[in-house]
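Contents: one structure, followed by commentary.
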Amino acid sequence: MSFLKTLIPLGLAVAATKAAATKVDIWSRLTKPAVRSSFNGFEPLLAANLPERQYNISVWASGWIPSDCNGYASDHNVSAADFIIYQVQYSDCSDPWILCYHKDSETSIQNIAKQFGRIPIQMREWVKHVVTIPDTMGWAYMDKGNTVYMRPSDAMQTTMVHETAHAVDLNGGYGGAALSGSALWAANYAQDTHVPDDYSRTDTVEDIAQTPSSPSSTRTSRGPTYATIITQARNFGRGNSMLVPGENVACAHRMPNSQPVAINTLARVFGGSRPDVSLSRHVKVVRVLSEHLGPTNCTIHW
């Protein structure tokens, strides 16, 4: 998923630490060997080791759709009226997530909610909406804090973690700027012997997105970069870190939900009350840094 080059003029391609002011080319292909060849090779391990969260699902009144999801309907030539808008309340966060589910999606809303809920809360909280849309081929991308799944599957845990990791990195979850474009990440990557899989070699943006997906068996060859993620996530996560058991239990940050819009004039008149998408005082509302960057450009298919 080479990230769109609109990042470069916005300055995310270059970052510096106090110790180094080195320019970081996030587009360069990485050359270190991969622990595994397949992107989906981690799927059974993730599914077996990420615990499910209890959740409850409720449905919006017909006629309303979050404005971001309305945009994806237009982008992908599907009708906004064909989306069912669910609110999913997980046991580990006081605020529900809004999932935009196309009625012809290839897997159930329960499977989507279950897989999304397995993602550690310190990662999951950096996703605004989850969107599913039917298609002829399975692929996914992150855009404006939303994770969008085309032809969703009931076995895409690796992809879900990967897209969520993009949202964490590119929206400031590791300290307020894109870690993938920083000299800190480059310096620690230089000490690693491997990358997680062949797809990680695409560029630094994909490498950092794949790092949280990788099981502990890869970490001996990725010690410095794992340590960087854990430290940065803990420092910015109010003492919590997404990769440390026992430190991923607090829902501390949330993306602001996009505002509801009526799908048409009739819906505006007869669709009932406008849904309340405000967040509670229990979470810190974070700015969506990737708002104007454009979507990640997916090259992973299933």
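Readers should treat all values here as calculations from the given coordinates under stated rules, not as data from a laboratory. Since this is a predicted model, take the numbers as computed values, not measurements. Virtual Cβ from ideal backbone geometry, glycine too; neighbours counted across all protein chains shown.
The relative contact order of the chain comes to 28 percent, based on Cα pairs under 8 Å that sit 6 or more residues apart. Positive end of the dipole of the stretch 5-285 (Cβ unit charges, origin at the Cα centre): among T158, G181, I109, the Cα lying farthest that way belongs to G181. From most to least packed by mean Cβ count within 10 Å, the peptides 163-172, 189-198, 72-81 give 163-172, 189-198, 72-81.
Under 5 Å between amide hydrogens, which residues at least 5 positions from N146 or on another chain qualify, with H placed 1.01 Å from N in the peptide plane? For N146, whose amide H was placed from the backbone, the distant partners under 5 Å are K128, H129. Legend: calculated FRET efficiency, N235 to L266, from the Cβ-Cβ distance at R0 = 51 Å, rounded to 0.05, equals 0.55.
Which Cα, out of M142, C93, S200, lies furthest along the positive dipole direction of the stretch 5-285 (beta carbon charges, K/R +1, D/E -1)? Sorting the options by dipole projection puts first C93.
Based only on Cα atoms, what Rg/Rh ratio does the stretch 100-155 have, Rh being taken as Kirkwood's radius?
Rg/Rh: 0.94.
Shape class for the stretch 34-183, computed from the alpha carbon gyration tensor (a ≥ b ≥ c): rounded, with a/c under 1.5.
Across the stretch 152-161, coupling constants 3J(HN,Hα) worked out from phi with the 6.51/-1.76/1.60 Karplus curve, θ = phi - 60°, read x, 10, 7, 9, 10, 4, 4, 5, 4, 5 Hz, and Gly and Pro carry x. Dipole magnitude for the chain: about 720 debye, using +1 per Lys or Arg Cβ and -1 per Asp or Glu Cβ, origin at the Cα centre.
For the pairs K103/K144; K32/K128; K32/K114; K32/K284, note any where the Cα-Cα span goes beyond 31 Å. Violating the 31 Å limit, Cα to Cα: K32/K128; K32/K114; K32/K284. Backbone N atoms of the stretch 160-197 closer than 18 Å to the 7 Å Cα→Cβ label point of K32 belong to residues 179-197.
Placing R0 at 41 angstrom, the Cβ-Cβ distance between A81 and A47 gives a FRET efficiency of 0.75 after rounding to 0.05.
Report, to two decimal places, the Cα Rg of the chain normalised by 2.2 N^0.38 Å (N = number of residues).
Its radius of gyration relative to the 2.2 N^0.38 Å reference: 0.97.
Comparing P224, P275, Q54 along the charge dipole axis of the stretch 5-285, the residue lying farthest to the positive side is P224, per the Cβ-charge model. In plain terms, the chain from H282 to A190 could stretch by 29.2 nm, reckoned as 0.36 nm per residue minus the Cα-Cα distance.
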